[in-house]
Amino acid sequence: MARDLGELNREDFDRYKADVKKEGKAFFPHAILADTVMSLVVVTVIVALACIWYLDADGTEAGILGPWYTEPADPGTTDFVPRPDWYFYFLFYLLRIFEWPETVFIATVGIPTVLLILLLGLPFYDRRRERRPSRRPVAMVAAVLTVISMAVLTYKGATAEESLGSQLIADNVPQEWAERQGFTDDEQALAGAELFAETGCLQCHTYMGQGAGNLGAPDLTEVGQANDAAYFVQYLTNPAQFGNTVMGSYAYLGEENLAALGAFLSASEGER
């Protein structure tokens, strides 16, 4: 008696399942189909978010996803504190842990490179077919520690306190500096203190508890104990000749402003 179509289909299906179990699935069409469907989902979500953003906002009036555009950037601002995008907060805070210049290479190149090499090499040194998380304790512990580390560093980077904006400092603290340093009667030093605050020096240096202390820039609170105004003017004009290749030249400020900065720095001999 001839076998019916249903029995033939069952035999074909059983043979297909046995082949899949023995040899796996072909890249085409199985993997391509899965990638295509996921790509369509991602594109659809992006298009939907773009439509919501465009229709919900109006010019500078922000909607759920923000405004179309904001005010143009001001390249001459003195109170802007630059920060990275949120997905770089972990690296941003990692740089705060390591001091310039001796160990900053470890944070910027060493640690990320080692982790990337370990990740790229994972398929080569972990050849086991076991996929259940409960039977892969080393991999799971490493993954959990990585996620926790990234989350903590990202949170710390997002909540890290920055120094006051340059203009805000210039409006409030130069007179206080003069009183604590004892140069209230020196008009040139006072002018230099205001210029020091306005030109963004505190983005790298620290002074009387203010500033960021980035890139290994020293505290200048007592810098006047070692050198005079002429030295500081020469240094600000061309830091590279003193071996400082990180700090740029401030010669563009002009002789009068440089003299004021030199007077301020030479008068900074510590709190009195």
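Data overview
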quantity: Any pair with Cβ under 9 angstrom, 6 or more apart, that starts in the stretch 1-18 at a residue that is in the same structural domain as His30 (by TED's automatic domain parsing) and ends at one that is surrounded by fewer than 10 Cβ atoms within 10 Å (Cβ to Cβ) and at pLDDT below 75; calculated: Glu11/Arg3
quantity: Qualifying residue in the stretch 73-81 (condition: touching an Asp or Glu at 6+ places or on another chain (Cβ under 8 Å) and modelled with pLDDT of 75 or more); calculated: no
quantity: Exclusive hit being within 25 Å of Phe92 (Cβ to Cβ) and out of contact with any Cys (no Cβ under 7 Å at 6 or more places or on another chain), set Gly243, Gly262, Gly216; calculated: Gly216
quantity: Cβ pairs under 9 Å, 6+ apart, first in the stretch 230-250 and outside the structural domain of Ala189 (by TED's automatic domain parsing) and more than 15 Å from Thr199 (Cβ to Cβ), second aromatic (Phe, Trp, Tyr) and assigned to a loop (DSSP other than H, G, I, E, B); calculated: none
quantity: Any pair with Cβ under 7 angstrom, 6 or more apart, that starts in the stretch 87-104 at a residue that is buried (at least 17 other Cβ atoms within 10 Å of the Cβ) and ends at one that is of a type in the set (Phe, Trp, Tyr) and modelled with pLDDT under 80; calculated: Val104/Phe98
quantity: Criterion violated by Val233 - all others in (1) over 28 Å from Phe105 (Cβ atoms); (2) modelled with pLDDT under 90; (3) surrounded by 18 or more Cβ atoms within 10 Å (Cβ to Cβ) satisfied; calculated: (2)
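The values are calculated or read from the model by the stated rules, or taken from the named source; none is laboratory data. From a predicted model like this one, the values you see are computed outputs, not experimental measurements. So basically every Cβ, Gly included, is an ideal-geometry build from the backbone, and we count neighbours across all protein chains shown.
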